[in-house]
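> Following this message is one structure expressed as structure tokens.
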Amino acid sequence: MNDVLCNTVARDPMPCRVIGVLDDGAASLASPALAHLRAAQLVIGAPRTLGLFEDEIAPDAERHVLGALPELVERIRLAREANQAVVLLATGDPLCHGIAAYLAAQLCLQAIEVLPNVSTLQLACARVGLPWADARIVSIHARDAGEWQCGAAPGHGLYELAQALRRHDRLLVLTSPANTPDRVARLLMAEGLAEDFELAVAERLNQAGERVLADLRPADAASMQFADPNVLLLWRVRERRQPVRFGLMDATYAQRQPEKGLITKQEVRAVSLARMQLRADSRVWDIGAGSGSVGLEAARLCPQGHVWAIEKNADDFAIAGRNRAAFGLSNHTLVHGKAPEGLDLWPDPDAVFIGGSGGELAGLIKLCLKRLRTEGWLVMNFVTLENLATATAALEEAGAQWDVLQLQAARSKPILAMHRMAAENPVWIVCARQGNAQMNKEMMDGE
């Protein structure tokens, strides 16, 4: 008979026990959890939670209010060294956007023992009858995010939720007194998703004042007030669009009329995006966005990343904004201005596209090469010999690795009962990255 090798988790003789609780107090705990709580010499929790379980805590046990996390870790470490029995009270399942994961990372997995409870999100789904196995859980509990603004950057506290709404059909949201269900409803309206979702709000679960409001429309919830604590459930009622991600037709984009607007043509756009070497989480700069075509397709290709775009022309800026709204993107920030102003506020990019430079080309090239992250690419499009010469000279001066591709497409057009080929203007696609000995060796090896 074959021997079976089994690995077991090592147990600490005096772990910090992280106990999940609900708002019905002791009734929410199984007997082992209650026994640990009653025997604890140090009990940690939020003021409200400590008050809820006061009758179950030994009179001589020390009560410690949950505060700054680094201080909490040190307090638990000292208690364990003193062989004190420690219990930390957390809401629901402490491993579901709770404190247990942080403690395990700081103290080591064996230093804690988690006694989970039903998550408040599970409880809310049970009240509504919403299956949650394939739902996306998002927490907006950490801090006041402020009202959502279209085009907000990743630092906004509602950013993760805004992205998740585009990619998931069911979402379970841990709210806070500041980041409330009505604020989320206003986000849905701002992003043009008000008709795509319905929502439910479960207030004060397992308390005397419990209330569950289901089948709410975002337009109605946006002006309502909800009792705290609460959790939010969202489910899609309109089929999610599956848009083309790459190589959209030029006519898909709004452009200035009757004056011809600025747009990178489909063939050039496709090659330029390919040379940017984008990944799912790439951070991209789009300088001189024009109608926004390159940056908007980059945003679709980088669903876990973000695009920062800048355009100085007021008409093109407005049109790029309309294109972004039409394409339903939340990972695209559009700024009205002239580069390099404001670029110091943007994070270092994985890729940069320059479609227009406003007379600042040489300086922009130097700045972008300096800011590019490791293995990042700078891609530029030119239609004039002067800008091409300026770019190659600047790249040489910067010691960059670079190459130039001339692309000239010809499209068929009808002539009488037949067709002819009509040539588009030639475009130079200049691609560069920071130069060093290893990169130059790779280029020479590839020739």
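The values are calculated or read from the model by the stated rules, or taken from the named source; none is laboratory data. A quick note: this is a predicted structure, and the numbers were derived from the prediction, not measured. Every residue, glycine among them, receives a Cβ derived from its backbone with ideal geometry; neighbour counts consider all protein chains shown. Surface accessibility is based on the protein's heavy atoms, side chains included, excluding ligands, DNA and RNA. Shrake-Rupley method; radii C 1.70, N 1.55, O 1.52, S 1.80 Å.
> Quick check: is even one residue across segment 55-67 at pLDDT below 95, within 19 Å of Thr120 (Cα to Cα) and surrounded by 15 or more Cβ atoms within 10 Å (Cβ to Cβ)?
no
> Out of the strands (runs of 3 or more DSSP E) lying entirely within segment 193-304, which hold 1 or more residues that are within 30 Å of His336 (Cα to Cα) and not β-branched (Val, Ile, Thr)?
Qualifying strands (runs of 3 or more DSSP E): 283-287.
> Something else: Checking His141 against (1) modelled with pLDDT under 95; (2) not in a loop (DSSP other than H, G, I, E, B), which test does it fail?
Among (1) modelled with pLDDT under 95; (2) not in a loop (DSSP other than H, G, I, E, B), the lone unmet condition for His141 is (2).
> Looking at (1) in contact with a Gly (Cβ under 7 Å, 6 or more places away or on another chain); (2) assigned to a loop (DSSP other than H, G, I, E, B); (3) at pLDDT below 95, can you tell me which one Arg166 breaks?
Among (1) in contact with a Gly (Cβ under 7 Å, 6 or more places away or on another chain); (2) assigned to a loop (DSSP other than H, G, I, E, B); (3) at pLDDT below 95, Arg166 violates only (2).
> Being surrounded by 14 or more Cβ atoms within 10 Å (Cβ to Cβ), free of Cβ contacts under 8 Å to residues at least 24 places away in the same chain and part of a helix (DSSP H, G or I) narrows it down to one residue among Ala79, Ala124, Ala104; which is it?
Going through Ala79, Ala124, Ala104 in turn, just one is surrounded by 14 or more Cβ atoms within 10 Å (Cβ to Cβ), free of Cβ contacts under 8 Å to residues at least 24 places away in the same chain and part of a helix (DSSP H, G or I): Ala104.
> Still on this model: Working carefully through the options Val352, Val379, find the one that is in contact (Cβ under 8 Å) with a residue 60 or more places away in the chain, buried (at least 22 other Cβ atoms within 10 Å of the Cβ) and closer than 20 Å to Pro154 by Cα.
From the options Val352, Val379, the qualifying one is Val352.
> Can you confirm whether Arg245 is loosely packed, with under 15 Cβ neighbours inside 10 Å and out of contact with any Gly (no Cβ under 9 Å at 6 or more places or on another chain)?
Yes.
> To continue, here is another question. I want to confirm something. Restricting to segment 304-337 and keeping residues that are of a type in the set (D, E, K, R) and in contact with a helix residue (DSSP H, G or I) (Cβ under 9 Å, 6 or more places away or on another chain), which single residue is least open to solvent (accessible area, probe 1.4 Å)?
The selected residue is Glu311.
> Still on this model: I'd like the residue in segment 398-418 that is within 30 Å of Leu364 (Cα to Cα) and not aliphatic (A, V, I, L, M) and, out of all such residues, is least open to solvent (accessible area, probe 1.4 Å).
Across segment 398-418, the extreme among qualifying residues is Gln401.
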